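Undergrad: Dropping the structure in here first, questions after.
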Number of protein chains: 2
Amino acid sequence: MAADADLSALDRVFAALTDPTRRAILSMLLEDDMAVTDVAEPFDVSLAAISKHLTVLTQAGLISQEKRGRVKWCKLEPDALRDASVWMQSFGQFEAVNLDAFEAFLEKELGDAPDDTRPSGG
Amino acid sequence: MAADADLSALDRVFAALTDPTRRAILSMLLEDDMAVTDVAEPFDVSLAAISKHLTVLTQAGLISQEKRGRVKWCKLEPDALRDASVWMQSFGQFEAVNLDAFEAFLEKELGDAPDDTRPSGG
DNA sequence: CCCAAACTTAACCGTTTGGTTGAGCATTTG
DNA sequence: CAAATGCTCAACCAAACGGTTAAGTTTGGG
């Protein structure tokens with residue numbers, strides 16, 4: 001029932017990141033804020049399924065959603081990743097992020113590096 | 001794209017990190033290698049449950065297990081976190097890790113890890 | 001050898017997850 | 001107002017998850 005209340009913020013963030021569809025959504029939102037329908041478009045699942053994913057991401061704090069008219073805009077909230085990042089860094093032989101690996105990864109993951117494509121920082 | 005293979009590795013790492021018991025296990029292993037029975041001791045679940053958790057962590061590459069005699073030693077493999085860390089950093093408004101938050105977090109997370117369970121070897 | 005220790009595996013169970021379809025609500029448009 | 005658009009909710013389903021207990025396997029020791 002109220003199982004959600006038990007979950008720590010960290011639980012919710014990691015749980016949200018487990019699903020590859022949700023990670024892909026976050027990558028998409030890295031480029032721009034998007035409406036729910038547009039988020040759903042590239043995926044081979046129903047709009048309702050994407051709506052659920054967006055709820056999960058919202059509850060994890062990874063995105064925010066703002067309704068303007070009948071359109072609900074989704075915006076990346078990268079700050080929510082900080083605690084999880086900090087947690088992971090505590091295991092770090094790797095101190096900070098290896099920038100080479102970072103760029104290689106971005107090329108593979110996003111196709112184009114987001115060095116200039118940040119969602120306007122608010 | 002070959003990104004698929006990477007993504008499923010990420011899947012496994014994030015899925016493994018979702019469970020708070022498994023994160024606690026990783027924190028314990030941060031201090032020392034441990035036998036399965038000793039890993040299980042502070043938890044209120046069966047040994048079989050912990051054994052399953054350790055299998056999940058192993059398959060995610062987050063730990064390795066080496067059998068010496070009848071004892072299976074568990075060792076942290078923090079390198080497996082690098083890809084996930086890199087992925088998260090790609091969303092980083094937050095540049096590097098906030099060291100204050102890091103230390104505060106460690107105190108909270110590691111403050112009650114067992115220290116009576118060290119293997120004799122090193 | 002035989003038993004205990006240290007794990008793992010198998011079978012099972014309730015809950016959660018991710019998906020579906022269809023109905024419903026709010027808003028914009030005609 | 002009516003209809004279309006944008007999105008969520010409800011009901012349902014199969015599969016995965018995390019837990020259990022019980023049995024099995026391997027290793028070490030009296």
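Where a number appears in this text, it was derived from the coordinates with a stated rule and is not lab data. What you are looking at is a predicted structure, and each value in this text was computed from that prediction instead of being measured. All Cβ positions, glycine included, derive from the backbone under ideal geometry; neighbour counts span all protein chains shown.
Undergrad: Give the order of A:25, B:50 when sorted by the count of other beta carbons within 10 angstrom, beginning with the fewest.
TA: Neighbour counts put them in this order, fewest first: B:50, A:25.
Undergrad: Please report B:32, A:32 as a ranked list, fewest other C-beta atoms within 10 angstrom at the top and most at the bottom.
TA: Result, fewest neighbours first: A:32, B:32.
Undergrad: Run through the other copies and list how far each one's label point is from that of residue B:67, in nm with one decimal, shortest first; the point sits 7 Å from Cα along Cα-Cβ.
TA: Result, one decimal in nm: 5.8.
Undergrad: Still on this structure: Looking only at segment B:76-90, which residues have a backbone nitrogen under 15 Å from a spot 7 Å from the Cα of residue B:37 in the C-beta direction?
TA: The answer is none, because no backbone nitrogen lies closer than 15 Å to the label point.
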